[in-house]
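Below: one structure, written as structure tokens.
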Amino acid sequence: MTEKFTINRKMTSGLRPWLAALFCVAALTACKNKDGFTAYDAATEIAKLDLAEAQPFTIDVNVRATGQDSCFSVFLADDFVHFGETEPCVTVPITGESFQISIPLKRMRAARIRGVDATGNLTETSADLWLVPGETIKADAFSKQLHFYFSESKTYNDKVNQSVEALRKATRYQSPYLPAIEGKRWENVHYIKDENTEMPVLVIKEVIFGKEATVLRLLPPDDSHTMSFAKGSYLSDDKGRKYLMLEPIFGNLLEDKNLEVRVFGGYVAYDPVPDDVETLTYHDSGQPRLYRIKNAD
């Protein structure tokens with residue numbers, strides 16, 4: 001099984017003016033929910049995920065073609081799977097037809113590999129992936145891209161999914177980098193599947209009834225799934241009124257492999273829905289209605 005990881009953290013260009021009023025990305029100070037939970041208070045819980053001793057994560061790289069790349073630099077994300085302006089944890093020269101990257105870790109970490117040219121400048125080659133202590137994977141290095149696949153161990157995906165679930169629990173699905181959107185919330189969302197329809201591979205974590213738009217926070221059930229979301233989807237209420245999808249405002253939900261979004265969720269906006277509705281129905285583009293959505297509280 002081969003899986004390609006690529007960087008795809010972007011906000012849709014040409015966002016409508018109402019988005020500026022709708023949300024702001026939380027700063028690195030405290031970010032609290034209704035229970036008063038502060039995202040940075042999760043540090044103690046996250047630390048409990050550490051192993052007693054560091055174990056190496058290893059990538060055996062097979063060089064196919066590397067364009068201008070003379071080295072690969074590995075950048076680690078923070079505890080919330082967010083990449084900021086950081087120094088690489090390691091830079092490895094590309095030598096011959098194969099070489100190895102090995103990093104000792106006590107905990108699974110999100111990483112970004114960037115190509116570096118002979119002058120020390122970053123190139124277009126880039127990829128995001130999970131670094132799992134004790135695991136070894138292989139990679140084919142092509143010009144501007146990397147392909148990762150399993151090597152000696154068959155437990156890589158299982159360990160990733162277990163660690164993602166543990167991170168979600170430790171942080172209560174909160175991150176200081178998530179958009180802060182004002183409005184009534186459904187935080188315990190329940191789905192009622194229609195008969196003879198397929199359940200999409202996504203979870204609706206929140207429904208937020210903003211003044212300018214209704215926003216759904218969506219995430220895959222685990223890291224084994226890529227989140228894909230139909231561009232022409234819409235919502236309807238019990239009176240048959242339709243609320244069209246506007247555009248993603250955090251994450252590329254059409255096919256999101258971004259690790260931060262896969263852990264904490266991406267946001268997509270619809271026409272504003274009255275906050276007194278009790279049930280919504282999600283419709284996929286060109287498909288029968290898929291499921292009804294309500295707050296379980």
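Highlighted here would be strands (runs of 3 or more DSSP E) found entirely within the stretch 59-110 that include at least 1 residues which are more than 21 Å from Lys159 (Cα to Cα) and charged (D, E, K, R), but there are none.
Quick grid of which residues meet (1) exposed (fewer than 15 other Cβ atoms within 10 Å of the Cβ); (2) under 30 Å from Thr123 (Cα atoms); (3) at pLDDT 50 or above:
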| residue | (1), (2), (3) |
| --- | --- |
| Phe5 | no, yes, no |
| Lys10 | yes, yes, no |
| Ala21 | yes, no, no |
| Cys24 | yes, no, no |
| Cys31 | no, no, no |
| Leu49 | no, no, yes |
| Asp60 | no, yes, yes |
| Ala65 | yes, yes, yes |
| Val74 | no, yes, yes |
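Number of residues in the stretch 143-173 that are loosely packed, with under 15 Cβ neighbours inside 10 Å, within 23 Å of Gly265 (Cα to Cα) and among the basic types (Lys, Arg) equals 2. Remark: pairs (first residue in the stretch 119-135, without any contact (Cβ under 8 Å) to a residue 60 or more places away in the chain; second residue not in a strand (DSSP E or B); Cβ separation under 6 Å; 6+ apart in sequence or on different chains) = Thr123/Gln68; Thr123/Asp69; Thr123/Asp117; Glu124/Lys144; Thr125/Asp69; Thr125/Lys144. Examine the stretch 162-172 for a residue that is at pLDDT below 90 and either more than 15 Å from Arg262 (Cα to Cα) or outside any loop (DSSP other than H, G, I, E, B) (or both), and state whether such a residue exists. Checking the stretch 162-172: not a single residue is at pLDDT below 90 and either more than 15 Å from Arg262 (Cα to Cα) or outside any loop (DSSP other than H, G, I, E, B) (or both).
The values are calculated or read from the model by the stated rules, or taken from the named source; none is laboratory data. All figures in this text were calculated on a predicted structure; none of them were measured in a lab. Methodologically, a virtual Cβ is constructed for each residue, glycine included, from the backbone with ideal geometry; neighbour enumeration extends over all protein chains shown.
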